Structure formats: C-alpha cells, structure tokens
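Bear in mind that the values in this text are calculations on the coordinates, not laboratory data. Since the structure is predicted, the reported quantities are computational estimates derived from the model, not experimental observations. Cβ: placed from backbone, ideal geometry, glycine included. Neighbour counts: every protein chain shown.
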Amino acid sequence: MVRKILSSILVHTIVIFLYTGCKRYTPTTQTPELIVVIVIDQLNYSHLEKIVPSLDGGLRLLFDKGLVFSNFFHDHAITNTAPGHASISTGFYPAQHGIIDNYFYDYKRGKTVTSTTSYSGYDTASNLLKPTIGDLLKSRCKKCKVVSISPKTRAAIMLGGRKADLVAWYSRKKGYFTTNKSYRYRKLLKEVKAEKFFTSIWHISHFKNDLRTIDSHYHPETGNDHTNSRFISLYPGREFYSQLYNTALLDRLTLEAIEKVFKNHNLGQDSYPDILLVSLSSLDTVGHKYGPFTPEWLATVEELDSIIARIIETVQKNVKSFLFLLTSDHGVAELPYNKNGFRRIAPNTIVCLRKAATQYSDLFVSELNVSKEASLEDIRSLKNDLEKCEDVEKVWTVLDLNDNSEFGTLFRNSYYKLRSPSFVIQFEKGTVPVIEIATTHGSFYEYDRHVPLVVWTTGKTAQKVTARYASVDIAPTIAAILGLKNSKFAGKPISEVIEWLH
Ligand SMILES: [Zn+2]
Ligand SMILES: [Zn+2]
C-alpha cells in the first residue's frame, strides 16, 4: 500500500515536472514570457528627465509610455558599479550581499581582489553572498533561461549571478565578447568583434538645443583634447580594443551580442519565463572621461536611445508577453566648474590625507585597510587626522556603525566586516575627488544615488510615481511578478508595479 501511494506520488511528481519543467515552480498566466532588465551604467534621474524630450528612440518610448519612478535611490554609501548591480539583482544591500565595492581588501585572502575574483582564478559570482533573481528562477525552473550581457565583466556577472545560462562581457584584450567555464552556454559571440569598427568614426552629434554645457571636446582642466586621442591606432589590436571602450560604439557591439543571443537561444519563446539582463556601459566610460552634457555624452545618450529602441523592436518581434525594467547602477557628479556647486578636490587635500596616513603606515595592509591588530584608538586617531583635511566632511570607520543619521544608515548598508575599507572618506557635497578624469561617482550624495526606474510593457497607460523606492526593491518586484514565492529580500515588491500590471 505504502509503495502504491509512493509510486502514485512519484508519477504525479513526474507529471508535474514534465509539465512545468520545474520542480517547485509553475508560472502563472500573468507571468510574462520575458523580463528584460536594462541597467544604464551611470545615469542620474535628473539627467534622464532633462534629456528625454530631445530623444525619439527607446529611452523616450519607455519614459513616455511607462511607469516612471521619480524618487528611486540606491541606499548605500559606496555608489559604484559592482555594488549597484548586485543590489539590483539580489534585492539586498552590500552589507548583506557582500559586494561592497568594485575592489576590496579581502581579509580572508589577505589581498585586494575585484568583485569577481574567485579562488579558482577566473571571474565568477562567488563573492556574491546572496542569490540573484536569475539564480532564484533557475533554482526552481531549469528550463527558464537567464542571460546577462554587459561590456563590463563585473556588471554582467553581478547581474547574472551563479546559475545564469549565459553571462558574457567584452574582452578589452581580445576585442570580442567572451565568457568562462562557470556558465553553461559558452559557444558564442566571438563573431561579435570590435574589429569591424576599426574603420568607423564615432560621430559626435550636434544637439541643436541648449542642453550642451560645454561647447568643445577640450577640457580646460585636464588639458586633454579628446578629439585627437579618439582613434589613433593603426592596427586593430589591444590598444584599439581598449579605445573603443571609451566610446558609444561599445554599446553598439553589445547590441549585436544581444541580438545574437536572442537568435541562438530563443529567449521568451516558450511557456517558461526567461530573464534577459543587460548593462550598457558606454555612458559610464564616456561620462568619466568627458562628463555629463558634453558633446560626447550627448552623442552616447543618442546612441543608447537608438540601441534601446532596437532591443525593444527585437523583443516585440519575437516575444508575445514581455516586461521591461530600466534603471541605473549609480549616478554621477556634475563637471566641476565651480559655479554649479561642484568643485574638483584641492591638491592640498590629497597631500594632507597622504601625510596623515603616512604617520600610521605600519598599520596599513592595503590602500584603505589597516591590519586586524590595529586598535580602536589607532583608528580613532587616524580618523581624526584625516578629518582635519580640507574638503573632508567625515571619515567613516568601525567606530561609526551606530550612527543613526541618514548617512549613518547608508554607511551601515555598505559595511561588510571582512571586506570593508577601514576608512570611508566622505568628501564635502559637490567635491569631485578625481584629477585625471572629468568626473566620477561613488559618494553618499543624492547625485550619485538618485537614479531612474522605468517599467514598461504594451497596453498600459503611462504613469508617474512619486513614492520613494530603492534599488533593493527591484528583485522582490520581479520575484512577485514571476510568482517566486518564499524568496527572501531586504527590499519589498513595489506595489505600484504589481497593480499597474493587473
Ligand atoms: Zn557603474
Ligand atoms: Zn563609473
């Protein structure tokens, strides 16, 4: 009898398994066949809002027709690429998913590693301590496909996680999209080659409106005339592949990779929902090098606008029901021209910080980390010395973990004991703490944390949402849409998205 019941259960289970392709997961009728998550690397909400009326492609379409969130933030202190992407994909803060920065000193390994450095020696998501939304889907539904593509290794891997079928990024050494053996689909993309752009010119658009803040390609501060350094190599080798990385052509190559993957793997074309995660990097590389609202930046936004239009077209052509979510991993500081509330870090500040640290050089094990043996007194006293330097608002250390201010919460959300720097320097608001490049991000301030979230599918009415949400709310929202019950997150599903879809 027992055997009979058991075998009936077994048969039943097999039937369910065959039916759904998934052990503990049945997609509902409302689950879209494909969810597309697009992350624009380095995009402030205010910049998107300002430029969108001048566009006519995919960014414009999403913004005009979608559910647009005007109060959407990253709620962590170190606003860089790897933590931003990991917070979007996992629904946890860096304090929990462990990716506190693009690089960190790993006390366990006794060395500085990148967010994707694994013990095996190649790039993986092994430093990521929480599953991504793709991992959650894959663990319940083997036939569901998860694909992540970005020119940047860290962006592709942090979005895709451990179980994605395909994670691909651009190799600056080889000049094509690549992956490694931790992912299932490895046959790809070598045909998506940078070489084809060797005889192209990156056309800088000439916006006729007054969006442009700077009129030439010349940076008065750095003294670089970027027009001359754009394409000088005479052979399509490493140097050229690297140069391409700082132009909008990079994302055109990414688009090709996406289209290839679409064709090869039939995304969104069966009853099992798939997730396509894309991070477009040009705006970040161009933004750092030239700055927002320069001709190069405007040209890159135009290019992105048309690339996103092409992605939408490809999806609409091939997939019956889909959902787009567009966001960014962090914002950026304005170009520091003193009149707009932004200024470049004073050379004296750098000298002052280095001088202060030199007195404690015995304590250091890396650039920003002291040894575990350092006493709290040592940390307090170095913190006090660093805080005396010009441009420094506050230096955050282990002594500040109980700070209950807004910045204190951001600091805690970025703090993971075994990886965090011993000193997080918060410069005064508006300080741009770089000298060789135009501008950067990474601060506690709103300009680095306030990013867009736009959700779009066909047949819905455009709507603006002013309620405040954070990047950790994206993964729980996707989980709710996919019906992935009992998943845990630090964030919450965004009720406006769920209601809008019903
Ligand atoms: Zn980034
Ligand atoms: Zn960046």
Counting other Cβ atoms within 10 Å of each Cβ, which trypsin sites (Lys or Arg not before Pro) in segment 58-134 have at most 15 and sit in a DSSP loop? 108, 109
Which residues' amide hydrogens lie under 5 Å from the amide hydrogen of residue 470, considering only partners 5 or more residues apart or on another chain, with H built in the peptide plane? 73
On the formula 1/(1 + (r/R0)^6), with r taken between the Cβ atoms of residue 467 and residue 387 and R0 of 35 Å, the FRET efficiency rounded to 0.05 is 0.45
Using the alpha-carbon centroid of each, what span in Å lies between segment 330-386 and segment 241-266? 38
Looking at segment 87-183, send over the antiparallel percent of its DSSP beta bridges, to the nearest 5. 75
Which whole-angstrom value gives the distance between the alpha carbon centres of segment 104-180 and segment 459-490? 23
The chain - share of DSSP beta bridges that are antiparallel (%, nearest 5): 45
Mean Cβ neighbour count within 10 Å, used as a protection proxy, ranking 80-90, 424-434 highest first: 80-90, 424-434
Got the relative contact order for the chain handy, in percent, Cα pairs under 8 Å and 6 or more residues apart? 29
Crossing angle, helix 2-20 versus the chain [Cα axis fit, 0-90 degrees, rounded to tens]: 60
Evaluate 2.2 N^0.38 Å with N set to the residue count of segment 106-156, then give the Cα radius of gyration divided by it. 1.35
Expressed as a whole percent, how much of the Cα-Cα distance distribution for the chain exceeds 45 Å? 13
List the chymotrypsin sites (Phe, Trp or Tyr not before Pro) within segment 89-140 that DSSP assigns to loop and that have no more than 16 neighbouring Cβ atoms inside 10 Å. 107, 119, 122
Can you give me the angle between helix 295-318 and the longest principal axis of the chain, using Cα atoms only, in degrees from 0 to 90, rounded to the nearest 10? 10
